[in-house]
Amino acid sequence: MITEKLQKAMNEQIGAELWSANLYLSMSLHVARVGYTGMAHWLKKQWEEENSHAYQMADYLVSRDGKAVVDKVDVVPVDFGTPLEVFEQVYSHECRVTALISNLLDLAIAEKDKVTEEFLRGFIREQAEEEATALGIVGRLKLAGTTGLLVVDQQLGAR
Ligand SMILES: [Fe+2]
Ligand SMILES: [Fe+2]
């Protein structure tokens, strides 16, 4: 059993994960238009991952006798600039998501729901990895400059 308050917040997070998925799909299409197939592949994987986060959360709610809903998802941006600007936006987006999950975890603790707390800790750990990965790519893109972009593109294509 999960409290109404926590269920509502979890459903909002499901919406946020679906929005993230759409954001990455839009970014993937953006870089694909320019011809960076490796980056497009990496971002498409990210799209799949965010969809799976939404599903894991919905599945978790159901397992706790809760009600998971698929709500309206806001539109996402279309243009993201240069590859470096794209990945800087990936990084800042993941930092925002970390804050969202962190608030959700605070709520689970306040509601004394240890099971949900445990469930969310897995996501918090994953956020640390997501931030580090995005930051690493931003760093490599800065080092690469214009000439090395295709090398980084190739590396990201191997994900
Ligand atoms: Fe996520
Ligand atoms: Fe993410």
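Whenever a residue of the stretch 123-138 is on the phi > 0 side of the Ramachandran plot, it has no partner that is buried (at least 20 other Cβ atoms within 10 Å of the Cβ) and among the β-branched types (Val, Ile, Thr) lying with C-beta atoms less than 9 angstrom away and at least six residues away or across chains. Exactly one of (1) away from ligand 2 (no atom under 12 Å from the Cβ); (2) within 19 Å of residue 140 (Cβ to Cβ); (3) touching a residue at least 40 places away in the same chain (Cβ under 8 Å); (4) assigned to a helix (DSSP H, G or I) is unmet by residue 45. Its number? If we test residue 45 against (1) away from ligand 2 (no atom under 12 Å from the Cβ); (2) within 19 Å of residue 140 (Cβ to Cβ); (3) touching a residue at least 40 places away in the same chain (Cβ under 8 Å); (4) assigned to a helix (DSSP H, G or I), just (1) comes out false. Scanning the stretch 94-152 for residues that are farther than 23 Å from residue 65 by Cβ, out of contact with any helix residue (DSSP H, G or I) (no Cβ under 8 Å at 6 or more places or on another chain) and hydrophobic (A, V, I, L, M, F, W, C) gives 99, 132, 143, 150. Among residues of the stretch 106-116 being crowded, with 18+ Cβ neighbours inside 10 Å and of a type outside the set (S, T, N, Q), the one that is farthest from residue 91 (Cα to Cα) is 113. Residue count for the stretch 37-82 under the criterion of being over 18 Å from the mean Cα position of the chain (by Cα) and among the β-branched types (Val, Ile, Thr): the result is 4. For the stretch 23-42, the condition of being surrounded by 14 or more Cβ atoms within 10 Å (Cβ to Cβ), charged (D, E, K, R) and out of contact with any Pro (no Cβ under 9 Å at 6 or more places or on another chain) holds for none of the residues. Going residue by residue through the stretch 59-72, is there one that turns out to be away from ligand 2 (no atom under 16 Å from the Cβ), touching a Lys or Arg at 6+ places or on another chain (Cβ under 8 Å) and part of a helix (DSSP H, G or I)? There is at least one residue in the stretch 59-72 that is away from ligand 2 (no atom under 16 Å from the Cβ), touching a Lys or Arg at 6+ places or on another chain (Cβ under 8 Å) and part of a helix (DSSP H, G or I).
Considering (1) without any contact (Cβ under 8 Å) to a residue 40 or more places away in the chain; (2) within 29 Å of residue 117 (Cβ to Cβ), the lone condition that residue 32 does not fulfil carries the number (2). Within the stretch 119-156, track down each residue that is at pLDDT 95 or above, surrounded by 13 or more Cβ atoms within 10 Å (Cβ to Cβ) and small (Gly, Ala, Ser). Across the stretch 119-156, the qualifying residue is only 134. The conditions of being more than 20 Å from residue 131 (Cβ to Cβ), touching a helix residue (DSSP H, G or I) at 6+ places or on another chain (Cβ under 7 Å), surrounded by fewer than 18 Cβ atoms within 10 Å (Cβ to Cβ) and in contact (Cβ under 8 Å) with a residue 60 or more places away in the chain are met by residue 71. Filtered by the rule that a residue be part of a helix (DSSP H, G or I), away from ligand 1 (no atom under 16 Å from the Cβ) and over 30 Å from residue 84 (Cα atoms), the stretch 106-159 gives 106, 107, 108, 109, 110, 114, 115, 116, 117, 118.
The values are calculated or read from the model by the stated rules, or taken from the named source; none is laboratory data. Here the structure is a predicted model, which is why all the values come from computation and not from measurement. Ideal geometry is used to build each Cβ from the backbone, glycine not excepted, and the neighbour counts take in all protein chains shown.
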